[in-house]
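Right, one structure below, let's go through it.
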Amino acid sequence: MSDDRSQRFQRGAARIAAFASLSYAVDYSFQLVDIFWVARLGAGAPTAVAIASSALFLVLALNEVVGAGTVPLFAQTAGSGDRKRTGFVILQALFVKLVLGAVMALIFGAFMLWVAPRYDIDAAARGHLGAYGKVIWLSLLFVPVYSTMMTALRSLGGEADAARASALALLLNMVLNPLLIFGVGSWPGLGITGAAWATVFAQAVATMLAARALARNRFGARVFSAANLGWCPQLYRSIAIIGLPLGGVMILYNLEQAAVTAIAVSFGTSVSDGFGISARICGFLFMAVFGIAVGASVTVGLHLGAERADVVRRALPRFAGVGTAAFGLVALPLAFFGEDLIGLFTQDAVSVAAGGTYLQFMAAALCLLCVHHVFNAAFEGAGRNMPVLFASAAMYLGVELPVVLVLAYLHVLTPEALWAAMTVTASAGALFSVRLFHRGGWLAESLSQKRMQEDQAT
């Protein structure tokens, strides 16, 4: 019976992970489509998108505070079978995300006004950055709400609906990008601004499709109901307590990405263009890592809601091994065909070489990050994320930062040395997370059905 339950865990996690990976990869494909067409605008355009994106994703780390808090709440509430409570929690989280989106848009606006002008880039890249940033901020009004709808759908058995909404939005983005950037007929197009508008419009459509699927969810929870309106500070507090540590994790990760981008810019436009393209490719692959981890965390939450922690303890390490091996089959070829892939985006020889070298290092780093995030899923599904924050702080502040500072002090901080430091950091993160999981701290403060019922009564 125990082996059968472990197999069901792995099958359930694999199903959610497959659809989540597809959804995340499709969502991030917006960025990949953008960079494919934007690179054709000339030197400096990929650098501008890389800078804007690093800031955008750093601001979106705030989205993870609520996002991480909703994963165990949604999954464990659904796992308990309480449809009324599930609908209430989801709608309340969506209201929080609406407010958070407006706050993030203001923060990104502050970046464009006071931080972006400080980057040491040429006039062409600076012009592209300003034009792109004036529009892309609108996506911050859609992404937070959309991401929570996707989390809800996966918790309610609607992972296929989530993937379908993402795929339809991607198709729209693929059509709009070349039309809005380069125009059609006698209309000349909008240049890099067109890429931003294509992304924003596609994200708006994806949000509407996700809302439609959520309203018809197969679990039977009535999400968009007047009965779910109201003020619930206890629930907001629970979301914040669960999510703040993971918000810190995402801030650390995106600060690292922003710092790496700033360093890459210092190597010259050709190198930073190659980095900007290859970083988008790695970001696309990282969505698969994120999807695998989401499959694990949602399944952990469902099992903890049903009081089956013993199954999680046995099955998660196996799932981590299988998931990482499957991901490696996709990621590792980057080490051999990286330059050929970059050559599809740009013909600049320096950019191609720089991007190809980055992909060689990141092929290994992404596999290590997959191990790191899947084992972290035990804590995320349990709603106990402080150990995850400690592991990330040890990675970035205890390993990567000192290594980079030493390399800079010795005047040997080349692109290759920087990519190597990032790979060593990923290795350390994998080791930290495996050790934390086996120590069992993820069970100490996991949410229980009784606790959620007490929240409802409050």
Item to complete: Over the chain, calculate the relative contact order: mean separation of alpha carbon pairs under 8 Å at least 6 apart, over the residue count, as a percent.
Response: 25
Worksheet item: Given a Förster distance of 35 angstrom, what is the FRET efficiency for Asp120 paired with Leu397, based on the Cβ-Cβ distance and rounded to 0.05?
Response: 0.90
Worksheet entry | Calculated semi-axes √(5λ) of the Cα gyration tensor in Å (choose from [x] 39, 24, 21; [y] 44, 27, 21; [z] 35, 26, 20), label | [z]
Worksheet item: For region 37-98, what is the accessible area per residue in Å², given a 1.4 Å probe and the full set of protein chains?
Response: 25
Response to the item:
Quick shape check on region 147-281: root eigenvalues a ≥ b ≥ c of the Cα gyration tensor, a/c under 1.5 is rounded, otherwise prolate if a/b tops b/c, else oblate, and it reads oblate
Worksheet item: Could you give me the ³J(HN,Hα) list for region 247-261, computed from phi with Karplus coefficients 6.51, -1.76, 1.60 and θ = phi - 60°, whole Hz, x at Gly and Pro?
Response: x, x, 4, 5, 5, 4, 4, 6, 5, 4, 5, 5, 5, 4, 4
Worksheet entry | Fraction of accessible area attributable to carbon and sulfur, the chain (%, probe 1.4 Å) | 68
Worksheet item: Can you give me the Cα centroid spacing of region 145-187 and region 315-351 in angstrom?
Response: 24
Discussion item. I'd like the FRET efficiency for Gln234 and Val99, computed as 1/(1 + (r/R0)^6) with the beta carbon distance as r and R0 of 25 Å, rounded to 0.05.
Written reply: 0.90
Response to the item:
Diffing region 228-234: the Karplus 3J(HN,Hα) column from phi (6.51, -1.76, 1.60, θ = phi - 60°), in whole Hz with x for Gly and Pro, holds 8, 6, x, 10, 9, x, 5
Fill in: Residue-normalised accessible area of region 305-391, expressed per residue, 1.4 Å probe, Å²
40
Worksheet item: When the Karplus curve 6.51 cos²θ - 1.76 cosθ + 1.60 is applied with θ = phi - 60°, which whole-Hz ³J(HN,Hα) does each residue of region 92-108 get, with x for Gly and Pro?
Response: 4, 5, 5, 5, 4, 5, 4, 5, 5, x, 5, 5, 5, 4, 5, 5, 5
Response to the item:
With the label point 7 Å along the Cα-to-beta-carbon line of Arg435 and a cut-off under 19 Å to each amide N, the hits in region 360-378 are 368-378
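The values are calculated or read from the model by the stated rules, or taken from the named source; none is laboratory data. Keep in mind that this is a model prediction, so the values were computed, not measured. For neighbour counting, all protein chains shown are included, and Cβ atoms are generated from backbone atoms with ideal geometry for every residue, glycine included. Calculation scope for accessible area: heavy atoms of the full protein, side chains included, ligands and nucleic acids excluded. Shrake-Rupley method; radii C 1.70, N 1.55, O 1.52, S 1.80 Å.
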